[in-house]
Amino acid sequence: MPFQDVLSPELIIAAYRGGYFPMPDPDTGEILWYNPDPRAVVPLDQFHISRSLRKTAKKGVFSVTFDSDFAAVVDGCADRQPTWISPEIKAAYVRLFDLGFGHSVEVRNSSGELVGGLYGLAQAGVFNAESMFSRQTDASKVAIWALIKRMQECGMGLLEVQFMTPHLKSLGAIEISKDQYIRELGIALKKPVGFNAVEGSYKFL
């Protein structure tokens, strides 16, 4: 089946609503659909803010925006070896961004250079974070902190981050069973809310 059919916006959105997400096979490039057990999530009220991170944020080292350069954030996340973000994956998520489902957080330094960020999909009360990157200390942490603050302001309740990593665990991520995730996903999808990105620089402190 052609990539454009496998990765159609309609199929991807339906998959996320059922608990699945796509990733290409590292050897063949074939699109596979994952519904891992356990699933990693970040409880919005349990995000760990270290003293050093809070100090960095208060210094104004970084500025944060939403949806100002989605494609560049995806490129930043893909700039590693190995990477699962193939050109086909990027094209699919850029289409979802154009349709209003995809969102990005951009973190820039004092020179305006993009040094970190994350991207993902939002539906009702859930944000499915796909990937993040950092080219400067704490940049990706600032990105997820700003995302969580904005989710709380929008009334959202579920931040899903796919697989647990040491980095995510240090930020407060936990693992829950697939069944529990599906239950929480169902509740979040029924919330009469949505992710609304603010224009310009976002002040979250």
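The values are calculated or read from the model by the stated rules, or taken from the named source; none is laboratory data. Predicted model only: the values in this text are computed from it and were never measured. Cβ: placed from backbone, ideal geometry, glycine included. Neighbour counts: every protein chain shown.
Observations on the structure shown:
- Residue identified as under 18 Å from Phe21 (Cα atoms), surrounded by fewer than 17 Cβ atoms within 10 Å (Cβ to Cβ) and modelled with pLDDT of 95 or more among Val94, Val74: Val94
- Checking Gly194 against (1) within 26 Å of Trp33 (Cα to Cα); (2) out of contact with any helix residue (DSSP H, G or I) (no Cβ under 9 Å at 6 or more places or on another chain), the condition it does not meet: (2)
- Scoring Lys55 on the criteria (1) of a type outside the set (Gly, Ala, Ser); (2) over 24 Å from Val126 (Cα atoms); (3) within 13 Å of the chain's Cα centre (by Cα) leaves a single failure, condition (3).
- Against the test of being surrounded by 17 or more Cβ atoms within 10 Å (Cβ to Cβ), under 22 Å from Pro166 (Cβ atoms) and over 13 Å from the mean Cα position of the chain (by Cα), the options Val64, Val115 yield a single qualifying residue, Val115.
- Any hit, the stretch 32-55, residues being assigned to a helix (DSSP H, G or I) and more than 29 Å from Glu199 (Cα to Cα): no
- Take the conditions (1) surrounded by fewer than 20 Cβ atoms within 10 Å (Cβ to Cβ); (2) without any contact (Cβ under 8 Å) to a residue 40 or more places away in the chain; (3) in contact with a strand residue (DSSP E or B) (Cβ under 8 Å, 6 or more places away or on another chain); Gly120 misses just one of them, which is (1).
- Near pairs, Cβ below 7 angstrom, 6+ apart or cross-chain, from the stretch 175-194 (farther than 14 Å from Val42 by Cα) to any residue that is part of a helix (DSSP H, G or I): Leu189/Arg17; Val193/Cys154; Gly194/Cys154
- Selection of first residues in the stretch 145-168 that are within 16 Å of Ala124 (Cβ to Cβ) and of second residues that are in a helix (DSSP H, G or I) and of a type outside the set (Gly, Ala, Ser), restricted to Cβ pairs under 7 Å at least 6 apart or on distinct chains, gives the following pairs, ordered by first then second residue: Met151/Leu44; Gln152/Leu44; Gly157/Leu44; Leu158/Glu184; Leu158/Leu185; Leu159/Leu44; Leu159/Ile148; Leu159/Met151.
- Which listed residue, of Leu168, Leu185, Leu205, is part of a helix (DSSP H, G or I) and either small (Gly, Ala, Ser) or surrounded by fewer than 22 Cβ atoms within 10 Å (Cβ to Cβ) (or both): Leu168
- Here is the figure for the stretch 12-31: residues that are under 19 Å from the mean Cα position of the chain (by Cα) and either under 24 Å from Glu184 (Cβ atoms) or free of Cβ contacts under 8 Å to residues at least 40 places away in the same chain (or both) total 12.
- Selection within the stretch 1-34 - aromatic (Phe, Trp, Tyr) and modelled with pLDDT of 95 or more: Tyr16, Tyr20, Phe21, Trp33, Tyr34
- Any chance Val42 is in contact with a strand residue (DSSP E or B) (Cβ under 6 Å, 6 or more places away or on another chain) and either surrounded by 17 or more Cβ atoms within 10 Å (Cβ to Cβ) or without any contact (Cβ under 8 Å) to a residue 12 or more places away in the chain (or both): yes
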